[in-house]
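The values are calculated or read from the model by the stated rules, or taken from the named source; none is laboratory data. Source: prediction; values computed, not measured. No Cβ is skipped: glycine too gets one built from the backbone with ideal geometry, and neighbour counts run over all protein chains shown.
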Amino acid sequence: MLFVLVLGLALAACNAAPGGQAAAPAQQAAVSGNGITVVGQGTAFGQPDQATVIVGVDSFAPSVGEATTQNQTTLDRVMAALAEAGIADEDIQTTNYSLYAEQIYGEKGPEGIAGYRVSNQVNVKIRDLAIISDVLSAVTEAGANAIYGVNFSVADPAALEAEARANAMADAAKRAASLAELGNVTLGEVRVISEVVGQPITPLGLGGGMAVAESAIANPGISPGQLSYQVQVQVTYSIQ
């Protein structure tokens, strides 16, 4: 019985393979498509030429009407200060508006409403880096009591991206040549290229947020620093 079972399994394996030969292991089936795949990284550095900052007005009053009126009055002064500083209307966008009641809490939980808080925040794009400090000083003097971050960027990053892309391809070619030498093979032509564009890195700025308690402050010192654009490319070369 054991001999018959073994013989039957052997015959089945022969019949399953073309020409009566046994099938090759699965890991040996995909031998075409051999090559070298590498990831190259390129970086380009440039100076930012614009910035964005979130300017906020936070108001508190016993009633909803008083809170909203105070907030809008202050915001109107802030908007006028931005216009006087040369900020165009299309470069100002509301990013947050909130109204909520602040509760009074005792030992047994909520005991009533202390008042109402209104928060209104606008995102401001500053296209002239030389006036950033003046703009921030102007809005705080106008009544803004919260500033969140200063983010620098390049209006047209195409040139930096192209430079980073070229550096990434050069890096990929260098890596592939090194691997080909180590593997004792000859590097062939490029077969596949894919790209992933990284985001610009801003090393300096106002992190988090800044609450303003005084009616007037000195011009803040702002350092735009330098931006870096990173590009990664995955390249597959044929080998011989």
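Some points to look at:
- Condition broken by N184, with the remaining ones in (1) farther than 15 Å from G42 by Cα; (2) buried (at least 16 other Cβ atoms within 10 Å of the Cβ); (3) at pLDDT 50 or above satisfied: (2)
Residue-wise test of (1) under 30 Å from G65 (Cβ atoms); (2) buried (at least 18 other Cβ atoms within 10 Å of the Cβ); (3) not hydrophobic (A, V, I, L, M, F, W, C).
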position: V122; (1), (2), (3): yes, yes, no
position: I131; (1), (2), (3): no, no, no
position: V135; (1), (2), (3): no, yes, no
position: A138; (1), (2), (3): yes, yes, no
position: A142; (1), (2), (3): yes, yes, no
position: F152; (1), (2), (3): no, yes, no
position: L160; (1), (2), (3): no, yes, no
position: R165; (1), (2), (3): no, yes, yes
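Residue by residue, here is whether (1) without any contact (Cβ under 8 Å) to a residue 24 or more places away in the chain; (2) more than 27 Å from the chain's Cα centre (by Cα); (3) at positive phi; (4) in a strand (DSSP E or B) holds:
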{"position": "G40", "(1), (2), (3), (4)": "no, no, no, yes"}
{"position": "F60", "(1), (2), (3), (4)": "no, yes, no, yes"}
{"position": "G65", "(1), (2), (3), (4)": "yes, yes, no, no"}
{"position": "Q70", "(1), (2), (3), (4)": "no, yes, no, no"}
{"position": "T74", "(1), (2), (3), (4)": "no, yes, no, no"}
{"position": "Q93", "(1), (2), (3), (4)": "no, no, no, yes"}
{"position": "N96", "(1), (2), (3), (4)": "no, no, no, yes"}
{"position": "L99", "(1), (2), (3), (4)": "no, yes, no, yes"}
{"position": "N120", "(1), (2), (3), (4)": "no, no, no, yes"}
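- Yes/no for L204 being at pLDDT below 95, under 21 Å from the mean Cα position of the chain (by Cα) and either under 30 Å from Q70 (Cβ atoms) or loosely packed, with under 14 Cβ neighbours inside 10 Å (or both): yes
- Residue within segment 80-89 that is touching a residue at least 40 places away in the same chain (Cβ under 8 Å), part of a helix (DSSP H, G or I) and surrounded by 15 or more Cβ atoms within 10 Å (Cβ to Cβ) present: yes
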